[in-house]
Amino acid sequence: MIELGIDLETYSSVDLTKTGVRPYVESPDFRILLIGYKLGNQLTKLIDLGEDENQKALTLLPPELSAIPEGSLDEFLPMLTDPELIKTAYNAPFERTCLEQQFHITLPPEQWRCTMVQAATLGLPGTLAQVGAALGLDKQKMTEGKELIRTFCSPTKDGHRRLPSEAPEKWERFRQYNVRDVDVETDIRDRLSKFPRPQAEHDAWALDQKINERGVRIDTGLLEKALELDKDYSSQLRAEAQRLTGLENPRSDAQLKRWLTERGMEVESLDKNAIPDLLAAAPDQITKRVLQLRQEMGKTSVKKYEAMQRGLCRDGRVHNTLQFYGAGRTGRWAGRQVQMHNLPQNKLNDLALARQLVKSGDFEMLEMAFGSPSFVLSQLIRTAFIPSEGCRFIIADYSAIEARVLAWLAGEQWVLDEFAGEGLIYEATAAMMFHAEKNDIKKGGPKTDLRSKGKVATLACGYQGSVGALINMGALKSGIPEDELPGIVKRWRDANANIVDFWYQVEDCAIEAVQGHPGRLNGMVEFECKAGYLFITLPSGRKLAYFQPELRREPEFNKMCLTYLGKGQNGRLARQKTYGGKLVENITQATARDCLRDAMTALDAAGYNIVFHVHDEIIADMPEGKGSLAEMQEIMSRPLPWAPGLPLRAAGFEADFYMKD
């Protein structure tokens, strides 16, 4: 099928980086300035819409000074809507959204391919310039692009749009920049086309676009009152801190450190981790109260609300909150704008009452009933996402999906048996580790204290984690003595010998593949090195890619270590080490991601309106009387054709606002 490569240059007074593409194109002054397009192997053409003369194509320099082939909307628009042409772009959702807004047309995502996603699937960095450099293309992105974009794509300091006629030489360079971007994008596309993605991945990307375009409704009443409450409360805290310290800005680290030093305190840091120790050392009640105020002022309970406000669209919803293939190592989704993937948990015992008090503006009663407004607002962030009018949320997530997938991949049968039965994996793990009866470890049993050890070991040890992983997972905070941690690691590994073997088998297979010997492990995972990539083929058929793998001697362990080029600081490629446990983590999380992908595909086919998803949880916005929690759970728990024997199970609830059950 012939491909049409597209790149746009656009203008809007809305800051794209802060709001996302939907509010950007909804701005009254949004417009497309340049359209560069390339059909098949033809030369790239340019449509210039930069001037205001009814958006007629205009060349500001004499033709002999502008050698760019001119395109036309009469040629471009029929191709854009031709279902027989595949449209491609780097970050295709941006181009699709802008073109739909400008020309009032619908562009089905099934007819598009995103070159940025294709690059991500091959472990390449995120920006067009970085990918072009990594691949060593003959044509590279023009370095002056950022300055040209600042000139023509954003408002000037006095708020007006700089027209091409105001800087014709720069405009001509901008036209060349747009054409070069099309050429670089299509070169990348063609270079990566030798590594085709499965059709299931194209379908998943199209569904992702559908979910992002649907968006999720925001409770604007709660949002407005939450921001009002935070402003009032912050003013109160600041005023009290100023009164007690006499400082102009008590939130200034430098000013507050000087004040504390004058009161006899040695202060190196005022970050949130240092405040508890400083409170304990406070010499008097005034100092203690100032530190408490500092601690309260440092809580960032409203940043999510502010992100919602910036991203709020005309339809009362936020859109484009999910990034397809945002986690390049595994292909999992990442959050964007509001960042759904790191929302605070809610632990208030009456979320509905707290919401009511905030929305009514009864802030005094709210503080009396629930405590610190900062804490309450943090607890209510999830609840700002609400169903459409006449609908309710059906929320379901996979139970212990990574533990299930890891045991299935490694053939740890007793774990699979437990998940196929009661599913009490923490109790069962503790029973295996300490040679106890599972019933004795259940709640109320004589050995119930062992459950916490089984839980933290299950969460921390699956990917070759040791004592440090147990501590990071909260072992010490749960009351387990530090001197017991090495024994817990050993007991878990003894109980999960097949998983332990799987770590080393995966590492051996990966190293052998780099040495030129492809292999297959457990009949499910394949390893092959070709064309500068180490490919690990998952049971689903999707491939994980490690760019430019090399074996390097590891003196600490006196063995060869697998390395590859991956994203380092600032997104640039840097050589990174990996090992069996880390590779197993990639494979496991990627396989769990594919379970979620197929579940969403099945739910969409069954008529469930997915509005977003978080990790292994799916949120559907369903009219009253349509769909059910039981059906959603059943769909998510169905056996997958590529994963025979993998015991999937979903649990969930229905709600009038988003929350954690």
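The values are calculated or read from the model by the stated rules, or taken from the named source; none is laboratory data. All values reported here derive from a predicted model rather than from experimental measurement. Every residue, glycine as well, gets a Cβ built from its backbone with ideal geometry; the counts of neighbours run over all protein chains shown.
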(message) Against the condition over 30 Å from Leu573 (Cα atoms) and either among the β-branched types (Val, Ile, Thr) or buried (at least 19 other Cβ atoms within 10 Å of the Cβ) (or both), how does Pro155 come out, does it pass?
(response) no
(message) Every residue in segment 478-521 that is over 20 Å from Gly580 (Cα atoms) and out of contact with any helix residue (DSSP H, G or I) (no Cβ under 9 Å at 6 or more places or on another chain), please.
(response) Pro481, Asp483, Gly487
(request) Being surrounded by 14 or more Cβ atoms within 10 Å (Cβ to Cβ) and of a type in the set (Gly, Ala, Ser) is the filter here, so list the residues in segment 542-573 that pass it. (result) Ala545, Gly566
(request) Could you tell me which numbered condition Arg294 fails, if it satisfies all but one of (1) free of Cβ contacts under 8 Å to residues at least 24 places away in the same chain; (2) closer than 30 Å to Lys359 by Cβ; (3) touching a Pro at 6+ places or on another chain (Cβ under 9 Å)? (result) (1)
(request) Report, by residue number, each residue of segment 362-376 that is in contact (Cβ under 8 Å) with a residue 12 or more places away in the chain and closer than 16 Å to Gln236 by Cα. (result) Phe363, Leu366, Ser372, Pro373, Ser374, Phe375
(message) Can you tell me which of (1) touching a Phe, Trp or Tyr at 6+ places or on another chain (Cβ under 7 Å); (2) closer than 27 Å to Lys347 by Cβ; (3) modelled with pLDDT of 95 or more is the one Val376 doesn't meet?
(response) (3)
(request) Sort out for me the helices (runs of 4 or more DSSP H) sitting completely within segment 246-331 that have 2 or more residues that are out of contact with any Gly (no Cβ under 9 Å at 6 or more places or on another chain), closer than 24 Å to Leu229 by Cβ and among the hydrophobic types (A, V, I, L, M, F, W, C). (result) 285-297, 303-311
(request) Evaluate segment 458-476: report whether one residue or more is touching a residue at least 40 places away in the same chain (Cβ under 8 Å), part of a helix (DSSP H, G or I) and either among the aromatic types (Phe, Trp, Tyr) or not assigned by TED's automatic domain parsing to the domain that holds Ala369 (or both). (result) yes
(request) For Thr588, state whether it is among the polar types (S, T, N, Q), surrounded by 14 or more Cβ atoms within 10 Å (Cβ to Cβ) and not in a strand (DSSP E or B). (result) yes
(request) Check Arg161 against each of (1) under 34 Å from the mean Cα position of the chain (by Cα); (2) assigned to a helix (DSSP H, G or I); (3) under 30 Å from Leu33 (Cα atoms) and name the one condition it does not meet. (result) (2)
(message) I'm trying to understand the selection: among the residues of segment 92-114, which are out of contact with any Leu (no Cβ under 6 Å at 6 or more places or on another chain) and surrounded by fewer than 18 Cβ atoms within 10 Å (Cβ to Cβ)?
(response) Gln102, Phe103, His104, Ile105, Thr106, Pro108, Glu110
(request) Select from segment 638-661 the residues that are under 29 Å from Pro344 (Cβ atoms) and of a type outside the set (Asp, Glu) and list them in ascending order. (result) Leu648, Arg649, Ala650, Ala651, Gly652, Phe653, Ala655, Phe657, Tyr658, Met659, Lys660
(message) Just to check your reading of the model, which residue among Leu534, Leu562 is touching a Pro at 6+ places or on another chain (Cβ under 9 Å), assigned to a strand (DSSP E or B), under 20 Å from Gln464 (Cα atoms) and not polar (S, T, N, Q)?
(response) Leu562
(request) Sort through Ser165, Ser235 and tell me the only one that's under 30 Å from Phe30 (Cβ atoms), polar (S, T, N, Q), surrounded by fewer than 21 Cβ atoms within 10 Å (Cβ to Cβ) and modelled with pLDDT under 95. (result) Ser165
